[in-house]
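Trainee: After the structure tokens below, expect a handful of questions from me.
The values are calculated or read from the model by the stated rules, or taken from the named source; none is laboratory data. If you're wondering where the values come from, they're calculated on a predicted model, not measured in any experiment. All Cβ positions, glycine included, derive from the backbone under ideal geometry; neighbour counts span all protein chains shown. The protein model used for the area step is the full one, side chains on, heavy atoms only, and it has no ligands, DNA or RNA in it. Shrake-Rupley method; radii C 1.70, N 1.55, O 1.52, S 1.80 Å.
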Amino acid sequence: MSDPLSLLLERHSIPSRQLGAPAPEGASLRALLEAAIRVPDHGKRVPFRLIELRGAAKLAFGERLAERAIRRDPELSEAKREKERTRYAFAPLVLVVVARLTEDSKVPPVEQVNTAACVAYNLLLGAHAMGYGAQWLTGWAAYDAEVAALLGLAANEQVVGFVHIGTPQIEVPDRDRPTLDDLLSTWTP
């Protein structure tokens, strides 16, 4: 019997620039999304939603973000402008994970964001389990009001992350991981 924790131990992010076609679509994408939304959800608020970016729309989104980056910083170098323009050009699928916060809820906003973050992490785990690669990115665009408007977010919504999904184009070594002994303590009264 294989190690039941191997999925967690083997999962690592693949840089979005190293992700190419194919990405899940059709029934396999639906299965991934159905699995990803099975998250802890205090109060059953469903404080999240997903936006799919694919094909020409994904590239147009990247162009609009590049225009916004230039307005934010007119001194942006040409290399950084190109990086912004092509940020969404590599992975064939980008899923925007959005937190939908309900202020008048008994559930604190941080717990609602945590639920949405679990969706993003489940996308990473699910993509890996299906043989794809993925990377969860934020960056300035996740926190920008103009980008939120571009995505059609309501006033109570915020981007938790952009999850890029595709097929790894190169073998990416795992990074150094923290040592559990440096992180774990035992509380005593």
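Trainee: Is it fair to say L76 is among the aliphatic types (A, V, I, L, M) and farther than 20 Å from I51 by Cβ?
Mentor: Yes, satisfied.
Trainee: Going residue by residue through the range 46-67, is there one that turns out to be in contact with a Gly (Cβ under 9 Å, 6 or more places away or on another chain) and part of a helix (DSSP H, G or I)?
Mentor: Checked against the condition, which is being in contact with a Gly (Cβ under 9 Å, 6 or more places away or on another chain) and part of a helix (DSSP H, G or I), the range 46-67 yields no hits at all.
Trainee: Shifting gears a bit: Would you check which residues across the range 1-39 are outside any loop (DSSP other than H, G, I, E, B), of a type outside the set (S, T, N, Q) and open to solvent by 30 Å² or more (accessible area, probe 1.4 Å) and list them?
Mentor: L7, L8, L9, E10, R17, G26, A27, R30, A31, L33, E34, A35
Trainee: Here is a follow-up. Restricting the first residue to the range 1-17 and requiring it to be on the phi < 0 side of the Ramachandran plot, which pairs with a second residue that is acidic (D, E) and not in a helix (DSSP H, G or I) meet a Cβ separation below 6 Å and a spacing of at least six or different chains?
Mentor: Listed pairs, sorted by first residue: H12/D174.
Trainee: So how many residues does the range 25-56 have that are in contact with a helix residue (DSSP H, G or I) (Cβ under 6 Å, 6 or more places away or on another chain), over 16 Å from V94 (Cβ atoms) and among the small types (G, A, S)?
Mentor: Selection size over the range 25-56: 1.
Trainee: Shifting gears a bit: How many of the residues in the range 120-149 are open to solvent by less than 60 Å² (accessible area, probe 1.4 Å) and in a helix (DSSP H, G or I)?
Mentor: Within the range 120-149, residues that are open to solvent by less than 60 Å² (accessible area, probe 1.4 Å) and in a helix (DSSP H, G or I) number 13.
Trainee: Checking S105 against (1) at pLDDT 95 or above; (2) outside any helix (DSSP H, G or I); (3) over 25 Å from G20 (Cβ atoms): exactly one of these is not met. Which one?
Mentor: (1)
Trainee: Further question: Every residue in the range 150-173 that is surrounded by 19 or more Cβ atoms within 10 Å (Cβ to Cβ) and within 18 Å of P92 (Cα to Cα), please.
Mentor: G161, F162, V163, H164, I165, G166
Trainee: Still on this model: Can you pull out every residue in the range 53-90 that is open to solvent by less than 30 Å² (accessible area, probe 1.4 Å) and within 27 Å of D41 (Cβ to Cβ)?
Mentor: If the condition is that a residue be open to solvent by less than 30 Å² (accessible area, probe 1.4 Å) and within 27 Å of D41 (Cβ to Cβ), then L53 is the only one that fits.
Trainee: Touching a Phe, Trp or Tyr at 6+ places or on another chain (Cβ under 8 Å) and among the hydrophobic types (A, V, I, L, M, F, W, C), is that true of A120?
Mentor: Yes, satisfied.
Trainee: Another question, then. Do we have any residue at all in the range 119-126 that's of a type in the set (F, W, Y) and either closer than 17 Å to A23 by Cβ or free of Cβ contacts under 8 Å to residues at least 12 places away in the same chain (or both)?
Mentor: No, the range 119-126 contains no residue that is of a type in the set (F, W, Y) and either closer than 17 Å to A23 by Cβ or free of Cβ contacts under 8 Å to residues at least 12 places away in the same chain (or both).
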